[in-house]
Amino acid sequence: MGFDKVLADVGGLPVIVRCLKCFQQVAAVNEVVVVTRADLVPEVARLCQEYGLTKVTKVVRGGENRTQSVRLGTLECASRARLIAVHDGARPFVTPHVIEAVIAQAAVSGAAAPAVPVKDTIKAAHDGIVEQTLERKSLFAVQTPQVFDGDLIRAALQKALDDGVELTDDCAAVERLGMKVVLTPGDERNIKLTTAADLLIGEVLSEEVPLL
């Protein structure tokens with residue numbers, strides 16, 4: 001990508017600011033720790049101050065991979081935190097309703113994540129040859145924030161690192177320990193901005209998902 005997506009402007013706000021404002025609105029969120037690249041720490045910290053994001057207590061640099069970065073973030077959270085939510089900073093259109101629902105579920109089950117049903121037909125293939133058509137009604141696209149018991153996610157991430165396992169999301173870390181993750185209703189607007197084309201979609205969504 002030819003741009004840094006978390007600093008890109010969407011609807012008049014940097015993506016990371018729009019994302020953090022969503023969590024600023026949720027009463028159940030007590031603090032926010034931002035994990036980012038080392039070279040972005042000063043700028044992200046400046047933006048947090050400029051936009052009055054008072055729940056952001058720390059802006060820290062990440063590790064060499066995603067799992068290391070999330071693990072570092074969990075270690076910076078207050079030790080008294082019963083639940084820890086992990087959110088992708090490139091998903092700026094998450095709503096307070098989605099956040100509140102997944103937090104409430106995690107408080108009961110210990111691990112939860114928002115998800116939306118998959119609309120497309122999904123096929124498993126090898127070398128371009130279809131091997132299986134998967135049952136669509138049982139498939140879900142998982143979003144963030146993913147919320148976990150604090151001790152559970154810290155231990156699960158450390159286990160994954162010790163085992164040298166690369167993970168694409170944090171649910172997989174606790175699933176490896178045999179723990180069940182409960183899905184809560186996600187929002188189709190809670191997309192991840194990955195490409196330049198996504199920013200164009202983001203401009204439209206910024207009008208549909210207004211910040212309070």
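Values computed for the structure shown
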{"quantity": "Flag for E166 being among the acidic types (D, E), touching a strand residue (DSSP E or B) at 6+ places or on another chain (Cβ under 8 Å) and touching a residue at least 12 places away in the same chain (Cβ under 8 Å)", "calculated": "no"}
{"quantity": "Condition met for A85 (surrounded by 19 or more Cβ atoms within 10 Å (Cβ to Cβ) and modelled with pLDDT of 95 or more)", "calculated": "yes"}
{"quantity": "Tally of residues being buried (at least 19 other Cβ atoms within 10 Å of the Cβ) and touching a helix residue (DSSP H, G or I) at 6+ places or on another chain (Cβ under 9 Å) across segment 59-74", "calculated": "6"}
{"quantity": "Enumeration of residues in segment 167-186 that are under 20 Å from H97 (Cβ atoms) and of a type in the set (S, T, N, Q)", "calculated": "T184"}
{"quantity": "Count of residues meeting criterion [farther than 18 Å from V102 by Cβ, out of contact with any Leu (no Cβ under 8 Å at 6 or more places or on another chain) and buried (at least 17 other Cβ atoms within 10 Å of the Cβ)] in segment 132-155", "calculated": "0"}
{"quantity": "Search result, residues across segment 156-181 that are surrounded by fewer than 15 Cβ atoms within 10 Å (Cβ to Cβ) and out of contact with any Asp or Glu (no Cβ under 9 Å at 6 or more places or on another chain)", "calculated": "K159, D162, D163, G164, V165, E166, T168, L177, G178, K180"}
{"quantity": "Subset of segment 45-67 (residues that are basic (K, R) and within 19 Å of V26 (Cβ to Cβ))", "calculated": "K55, K58"}
{"quantity": "Among the residues listed as V56, V26, the single one being surrounded by 14 or more Cβ atoms within 10 Å (Cβ to Cβ) and in contact with a Cys (Cβ under 7 Å, 6 or more places away or on another chain)", "calculated": "V56"}
{"quantity": "Scan of segment 75-90 for residues that are of a type outside the set (S, T, Y) and more than 15 Å from the chain's Cα centre (by Cα), ordered by number", "calculated": "L75, E76, C77, A78, R80, A81, R82"}
{"quantity": "Filter result for K192 (closer than 17 Å to A85 by Cα and surrounded by fewer than 17 Cβ atoms within 10 Å (Cβ to Cβ))", "calculated": "yes"}
{"quantity": "Those residues of segment 45-74 which are of a type in the set (A, V, I, L, M, F, W, C) and more than 17 Å from the chain's Cα centre (by Cα), in sequence order", "calculated": "A45, L47, C48, L53"}
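The values are calculated or read from the model by the stated rules, or taken from the named source; none is laboratory data. Worth saying up front: this structure is predicted, and the values here are computed from it rather than measured. When we count neighbours, we look across all protein chains shown, and the Cβ atoms used for this are built from the backbone with ideal geometry, even at glycine.
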